[in-house]
Amino acid sequence: MLSLLNSFASVMTTIGYIILAIIMFAILIFIHELGHYTAGKIFKFKINEFSLGFGKAIYSKKRKNGEVFSIRIVPLGGYCAFEGEEGGSDVEGAFNKQAWWKRLIVLFAGVFFNFVSAINVAIPLLMVCGNAIPRIVSFTDDCPNHIEYNMETLQQGDIITAVNGVKPTYLNGGIVGLTREQKDNPYTLTVSRDGVTVDIDVTNMLLTDAEGNEYYGIGMNVEMVKYSFFEALGMSIPFCFEIAGECLRILWFLITGRLDLKQLGGPITVISQVANAASVSLLYLLLFFPVIAINLAVFNFLPLPALDGGRSVFVLIEAIRGKPIKPEIENKIHSIGLLILFGFVVVVDFLQVFVW
């Protein structure tokens, strides 16, 4: 009976983490669509519906100005539907009747709002968790050559700023991720010591943790360097641009075949990863927010049909040509692109869950 209760509690806890992950994902979608909505209101675009989710509406309310706000049963997306977004409307405020630069701003606003939300979360993240830059607190007692190897080279209080010239970050696994494969090969740690930068050549050694498990490492205990509010404020934008750069780098690796498709995932995979992060700690979940927010921003502004970036390409073509591409042609391209994109995401999620 006790075993059954424990199993039930474990299942309910897992469900709770999944619900928390879905809520976080829905918040990010809401922020993105709110960007479109806010920019549309500023430029007096006519908005037909603001929806969170897809599928059948479980809540819907129509305002006096005709705008419909709805929550739909599948919380894995959303949209802000503008009058005339697909062309052919003569209604005042229709999307297709607005100046091209206004449409570009409205299309870009979703990405901008996601980026701003990532910056806002990055500030407390850098204050509470730091930026994966470790400070040496102490050295482990079981480390061979403890005095000779560690204390005469690395010192307590040293801040490790690079491993073989690469800055440790949460995205590359930090100091652990960068040194994990350095078993018997020497490598260089760049450390900051009393304001002076020092390069130290080290080699991982076979160590044993408290549970008796063997691992390769330097034999040190570290803590993440945390920042004051103003330091975090100044670092938040570069921090988010680092994440965006990593997203683009991964995309390039996928295009050039240097990265396996197994590294990809759709909404279900993202929710699974966020749920796992929540099960570790709320601080770990805090890290995922700016990462996913910026991933969502970068993905949406790729120049692909049906995405904000793809729609922006057609607006720019119109600005250059002086006239729009026929709405039926553009809509067909976006529809086909959406089907391909949706099919690709479903296949990748299926493979992640059931095959890989």
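Any read-out appearing in this document is the output of simple, stated calculations on the displayed coordinates, not a laboratory observation. This is a predicted model, so every value here is computed, not measured. Note: ideal-geometry Cβ built from the backbone for every residue, glycine included; neighbour counts use all protein chains shown.
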Run down the aspartates and glutamates and flag those whose C-alpha is under 12 Å from the C-alpha of Lys41, throwing out any fewer than 8 positions away in its chain. Glu67
Using the basic label-point model (7 angstrom from Cα toward the beta carbon), what is the Phe241 to Val166 distance in nanometres? 2.2 nm
Val313/Asn276 FRET efficiency (R0 30 Å; Cβ-Cβ; nearest 0.05): 0.25
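Would you please give the FRET efficiency between Asn48 and Thr197, computed as 1/(1 + (r/R0)^6) with r the Cβ-Cβ distance and R0 = 51 Å, to the nearest 0.05?
Values: r = 58 Å, r/R0 = 1.13.
The computed FRET efficiency comes out at 0.30.
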Label Ala81 and Leu248 with points 7 Å out from Cα along Cα→Cβ: what is the distance between them in nm? 3.5 nm
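Assuming R0 = 56 Å, what is the FRET efficiency of Lys64 and Ser228, from their Cβ-Cβ distance, to the nearest 0.05?
0.75
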Determine the alpha carbon to alpha carbon distance for each of Lys102/Lys167; Lys56/Lys323; Lys102/Lys226; Lys64/Lys326; Lys56/Lys332 and list only those over 29 Å. Lys102/Lys167; Lys56/Lys323; Lys102/Lys226; Lys64/Lys326
